[in-house]
Amino acid sequence: MTDAPNGAQDQGPSLNALAQYTKDLSFENPNAPRSLGPQEQSPNISISVNVNATPLSDTDFEVELTLEGRAGEAPNVLFSFELVYCGIFRLQNIPQDSMHAVVMIECPRLLFPFARQIVADAVRGGGFPPLFIDPIDFAALYRQRSQSQQTQ
């Protein structure tokens, strides 16, 4: 046991999810019931991902993971969705120069499996096979976003 003032132990870095919630969810099946029948070919599926964070205090952040997708091309869109899934995270004992990367990489990585399941359930509820989005490399997205901001 180490001798620390007031019995405090040296604490290592920590990341805690305090809450998770769906902030916005939209699913559209604009051509139903026609879109539910057999299709001549597999639809093109496009998905976009965005991450934003809002500081709530020195240690707490709201992180928004936005997933938007569409199957098919206009005017024959089979379905489209938008999900904004959020978490409140507390970061403690993390060096200041690492905070932004932790918030923008590790927090959405923790949110993603839950958001993925919500999308799969919404698509299945719309009458289609569940859409399981492939895992996302949030570190690569972070690097890409940082590079595009530096060139601007």
Exercise. Assuming Q147 fulfils every condition listed in (1) under 16 Å from P55 (Cα atoms); (2) out of contact with any strand residue (DSSP E or B) (no Cβ under 9 Å at 6 or more places or on another chain) apart from one, which condition is it?
Worked result: (1)
Problem set entry | Selection within the range 115-152 - among the basic types (K, R) and more than 27 Å from V103 (Cβ to Cβ) | R124
Seminar exercise, completed: Scanning the range 69-108 residue by residue, those within 14 Å of S14 (Cβ to Cβ) and of a type outside the set (A, V, I, L, M) turn out to be F89, R90, Q92, N93, P95, S98, E106, C107
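Out of the residues in the range 59-92 that are of a type in the set (S, T, Y) and not in a loop (DSSP other than H, G, I, E, B), which is surrounded by the most Cβ atoms within 10 Å (Cβ to Cβ)? Full working, then the answer.
Within the range 59-92, the first condition is being of a type in the set (S, T, Y), and the residues that meet it are 59, 66, 80, 85.
Then drop every residue that is not not in a loop (DSSP other than H, G, I, E, B), which leaves 66, 80, 85.
On the way: T66: 18, S80: 17, Y85: 24.
Ranking the qualifying residues of the range 59-92, first place goes to Y85.
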Seminar exercise, completed: When every residue in the range 6-32 that is closer than 20 Å to R90 by Cβ and assigned to a loop (DSSP other than H, G, I, E, B) is compared, the one modelled with the highest pLDDT is P13
Exercise. When the range 17-73 is examined, which residues are found to be within 25 Å of A139 (Cα to Cα) and free of Cβ contacts under 8 Å to residues at least 12 places away in the same chain?
Worked result: T54, P55, S57, D58
Exercise. From the residues in the range 117-130 that are under 15 Å from the mean Cα position of the chain (by Cα) and in contact (Cβ under 8 Å) with a residue 40 or more places away in the chain, which one is farthest from Q39 (Cα to Cα)?
Worked result: I118
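For (1) more than 23 Å from A19 (Cβ to Cβ); (2) over 14 Å from the mean Cα position of the chain (by Cα); (3) β-branched (V, I, T), each residue gets a yes or a no:
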residue: P43; (1), (2), (3): yes, yes, no
residue: S57; (1), (2), (3): no, yes, no
residue: V63; (1), (2), (3): no, no, yes
residue: L83; (1), (2), (3): no, no, no
residue: G87; (1), (2), (3): no, no, no
residue: R90; (1), (2), (3): no, yes, no
residue: P95; (1), (2), (3): yes, yes, no
residue: L111; (1), (2), (3): no, no, no
Exercise. So A120 clears everything in (1) of a type outside the set (S, T, Y); (2) buried (at least 19 other Cβ atoms within 10 Å of the Cβ); (3) assigned to a helix (DSSP H, G or I) except one condition, right? Which one?
Worked result: (2)
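Checking the conditions here, which among R124, R143, R116 is charged (D, E, K, R), within 22 Å of N29 (Cα to Cα) and out of contact with any Pro (no Cβ under 6 Å at 6 or more places or on another chain)?
Of R124, R143, R116, the one residue that is charged (D, E, K, R), within 22 Å of N29 (Cα to Cα) and out of contact with any Pro (no Cβ under 6 Å at 6 or more places or on another chain) is R116.
The values are calculated or read from the model by the stated rules, or taken from the named source; none is laboratory data. In this text the structure is predicted, and so the values were computed from the model without any measurement. Methodologically, a virtual Cβ is constructed for each residue, glycine included, from the backbone with ideal geometry; neighbour enumeration extends over all protein chains shown.
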